[in-house]
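Asker: Before we start, here is the structure in question, set down as structure tokens.
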């Protein structure tokens with residue numbers, strides 16, 4: 001049985017081992033619904049180490065992968081990696097469009113209601129495509145917003 | 001008929017005026033008291049003022065903003081207790097005389113007779129009775145009393161239901177074409193709700209027919225508050241088409257004329273740049289991406305000096321900065337000017353080519369990994385409206 005709401009899904013993603021692994025060890029930030037950039041990602045994660053910083057954006061959707069893909073593509077303006085996470089029960093139509101995810105370099109994952117994450121397409125790291133929004137994002141996550 | 005291109009002035013109208021003067025991006029301006037006070041209107045360089053169209057802006061007679069209050073013809077100034085519909089007829093001649101006197105003193109291109117805005121569909125007989133009584137009769141009398149032979153334009157603001165209803169539109173056309181002493185119509189239409197681009201085929205097709213009918217009746221047609229659909233509407237043979245800077249000059253929204261609700265502190269829109277080959281304004285992060293992935297594309301698609309400025313490293317995009325708008329004035333004007341030199345069937349064919357080419361460009365961007373969502377989704381609808389209109393004109397089987 002799938003998720004009842006995107007909110008429930010977002011909570012499950014944040015509690016998942018994938019996010020725990022992503023944010024540990026070392027300093028990292030997790031935020032929900034970061035506004036004021038280019039779209040509003042459900043979750044952003046910034047992982048830092050002494051050498052570099054990698055930023056991730058996640059768009060969670062129960063069924064509408066098309067809208068999620070467009071939204072996730074916007075987030076690439078300010079993060080290094082952007083993902084769509086679908087309800088695992090409804091990911092099949094998105095899997096048929098793997099080429100679109102690959103050519104736009106948007107990651108595709110799904111999550112079931114046990115919190116298990118399934119990886120379908122891994123994007124590679126890219127510089128955010130909008131220098132202005134990248135700079136704004138970095139200021140927002142590191143200076144102005146409280147950590148979760 | 002070759003059409004002229006006018007700038008619909010709004011906030012920061014000096015950007016438009018500078019662009020016309022320095023970059024030759026238009027034949028004239030439409031002045032709105034909402035964004036230009038009386039003193040500044042009078043200070044406009046004579047050569048430009050004489051070609052200008054002055055919109056008296058009485059569409060919402062309950063409301064004046066601070067700039068409008070500098071003029072002496074608004075009901076709040078003339079009527080002792082402010083505007084009241086029932087009392088208006090008693091004061092309409094005073095308002096008409098003052099407004100026409102101002103228009104005459106400034107020697108604008110035409111006399112413009114203002115109108116009211118209705119968001120519903122009053123019976124045509126009621127609507128025309130009110131417009132005749134409140135505006136057309138007193139203004140025509142005021143013009144006649146002056147003894148001027150300058151052209152007279154009536155303003156008309158129609159909502160989409162009015163335009164889309166054949167019988168209603170036909171009755172309006174009968175009324176307009178029967179008004180003695182006018183030379184044309186300054187037509188503004190409101191489609192509500194609407195997206196940034198118009199994707200309502202019925203509305204576009206009906207509007208094309210309405211404009212064409214006016215033109216066929218040898219009336220000049222000035223189309224105000226147009227976004228890039230200006231290109232499509234040009235096949236209906238208007239006399240003047242408008243371009244503007246901020247979105248509120250390219251998309252008529254009656255809510256923008258309610259001044260006691262002037263909003264402050266609202267987040268501005270994401271700045272955009274007009275890409276003529278895509279027939280749309282594209283959000284700036286995508287412009288950055290285009291520049292990053294294929295700098296030759298963006299330079300070939302929309303190159304002028306303002307493109308160089310916005311693509312400079314460190315350029316801070318903001319919707320209040322002039323460069324994207326000045327860029328549009330050049331590119332939008334160029335595109336419309338090229339279309340204006342061909343006519344009728346040839347113009348229709350050329351516009352279809354532009355729409356088809358834009359559709360192909362969106363497909364190519366998608367192939368290259370750009371996920372732009374609904375961008376370009378209105379284009380097939382524009383084609384449909386153009387084809388339906390062409391069929392009616394006998395340009396297409």
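The values are calculated or read from the model by the stated rules, or taken from the named source; none is laboratory data. Everything numeric in this text was worked out from a predicted model, so none of it was measured. Neighbour counts are summed over all protein chains in view; Cβ atoms, including those assigned to glycine, are modelled from backbone coordinates with ideal geometry.
Asker: Let me spell it out: the conditions are (1) within 21 Å of residue B:61 (Cα to Cα); (2) modelled with pLDDT of 95 or more; (3) touching a helix residue (DSSP H, G or I) at 6+ places or on another chain (Cβ under 6 Å); (4) assigned to a loop (DSSP other than H, G, I, E, B), and residue B:117 meets all of them except one. Which number is the exception?
Answerer: (2)
Asker: Separate question: Checking residue B:366 against (1) assigned to a helix (DSSP H, G or I); (2) in contact (Cβ under 8 Å) with a residue 12 or more places away in the chain; (3) surrounded by 14 or more Cβ atoms within 10 Å (Cβ to Cβ), which single condition isn't satisfied?
Answerer: With (1) assigned to a helix (DSSP H, G or I); (2) in contact (Cβ under 8 Å) with a residue 12 or more places away in the chain; (3) surrounded by 14 or more Cβ atoms within 10 Å (Cβ to Cβ) applied to residue B:366, the lone miss is (2).
Asker: Show the residue pairs that are 6+ apart or on different chains and have beta-carbon atoms under 7 Å apart, the first residue being within the range B:272-299 and under 11 Å from residue B:370 (Cβ atoms), the second being assigned to a strand (DSSP E or B).
Answerer: B:282/B:272; B:282/B:273; B:282/B:275
Asker: Moving to a separate point now. Residue A:132 passes all but one of (1) touching a strand residue (DSSP E or B) at 6+ places or on another chain (Cβ under 9 Å); (2) under 23 Å from residue B:284 (Cβ atoms); (3) modelled with pLDDT of 95 or more; (4) assigned to a helix (DSSP H, G or I); which number fails?
Answerer: With (1) touching a strand residue (DSSP E or B) at 6+ places or on another chain (Cβ under 9 Å); (2) under 23 Å from residue B:284 (Cβ atoms); (3) modelled with pLDDT of 95 or more; (4) assigned to a helix (DSSP H, G or I) applied to residue A:132, the lone miss is (1).
Asker: Could you list all residues from the range A:38-62 that are over 14 Å from residue A:125 (Cβ atoms) and modelled with pLDDT of 95 or more?
Answerer: A:38, A:39, A:40, A:41, A:42, A:43, A:44, A:58, A:59, A:60, A:61, A:62
Asker: Right, next: Take the range A:117-145 and flag every residue that is away from every other protein chain (no Cβ under 14 Å) and touching a helix residue (DSSP H, G or I) at 6+ places or on another chain (Cβ under 8 Å). Working first, answer last.
Answerer: Kept after step one, since they are away from every other protein chain (no Cβ under 14 Å), are these residues of the range A:117-145: A:117-120, A:122, A:125, A:138, A:140-145.
Once the filter is applied, which keeps residues that are away from every other protein chain (no Cβ under 14 Å) and touching a helix residue (DSSP H, G or I) at 6+ places or on another chain (Cβ under 8 Å), the range A:117-145 yields A:117, A:118, A:120.
Asker: Specify which of the listed residues (B:312, B:316) is within 14 Å of chain A (Cβ to nearest Cβ), touching a helix residue (DSSP H, G or I) at 6+ places or on another chain (Cβ under 9 Å) and at negative phi.
Answerer: Values: B:312 fails: touching a helix residue (DSSP H, G or I) at 6+ places or on another chain (Cβ under 9 Å).
Answer to the selection: B:316.
Here is a yes/no grid of residues against (1) touching a helix residue (DSSP H, G or I) at 6+ places or on another chain (Cβ under 7 Å); (2) without any contact (Cβ under 8 Å) to a residue 12 or more places away in the chain; (3) assigned by TED's automatic domain parsing to the domain that holds residue B:327:
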site	(1), (2), (3)
B:27	yes, no, no
B:30	no, no, no
B:43	no, yes, no
B:51	no, no, no
B:54	yes, no, no
B:58	no, no, no
B:67	no, no, no
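Asker: Determine if the range A:70-82 includes at least one residue that is farther than 19 Å from residue A:138 by Cα and free of Cβ contacts under 8 Å to residues at least 12 places away in the same chain. Quick ask: steps written out before the conclusion?
Answerer: Of the residues in the range A:70-82, the ones farther than 19 Å from residue A:138 by Cα are A:70-71.
From what's left, free of Cβ contacts under 8 Å to residues at least 12 places away in the same chain: A:70.
Yes - at least one qualifying residue is present in the range A:70-82.
Asker: Against the conditions (1) buried (at least 17 other Cβ atoms within 10 Å of the Cβ); (2) at negative phi, where does residue B:69 fall short? Just the number, please.
Answerer: All conditions pass for residue B:69, except number (1).
Asker: So which residues in the range B:349-392 are within 14 Å of chain A (Cβ to nearest Cβ) and within 18 Å of residue B:301 (Cβ to Cβ), if there are any at all?
Answerer: Residues of the range B:349-392 that are within 14 Å of chain A (Cβ to nearest Cβ), as a first pass: B:362-377.
If the condition is that a residue be within 14 Å of chain A (Cβ to nearest Cβ) and within 18 Å of residue B:301 (Cβ to Cβ), then B:362, B:363, B:364, B:365, B:366, B:367, B:368, B:369, B:370, B:372, B:375, B:376 are the ones that fit.
Asker: Still on this structure: Of the residues in the range B:272-297, how many are within 10 Å of chain A (Cβ to nearest Cβ) and either buried (at least 23 other Cβ atoms within 10 Å of the Cβ) or under 21 Å from residue B:318 (Cα atoms) (or both)?
Answerer: Step one: filter the range B:272-297 for residues within 10 Å of chain A (Cβ to nearest Cβ), giving B:283-293.
The next check asks that each one be either buried (at least 23 other Cβ atoms within 10 Å of the Cβ) or under 21 Å from residue B:318 (Cα atoms) (or both); those that pass are B:283-292.
So the answer is 10.
Asker: Looking at the range A:68-77, can you tell me whether even one residue there is touching a helix residue (DSSP H, G or I) at 6+ places or on another chain (Cβ under 7 Å), facing chain B (nearest Cβ under 10 Å), farther than 12 Å from residue A:106 by Cβ and crowded, with 24+ Cβ neighbours inside 10 Å?
Answerer: So far as the range A:68-77 goes, yes, one or more of its residues are touching a helix residue (DSSP H, G or I) at 6+ places or on another chain (Cβ under 7 Å), facing chain B (nearest Cβ under 10 Å), farther than 12 Å from residue A:106 by Cβ and crowded, with 24+ Cβ neighbours inside 10 Å.
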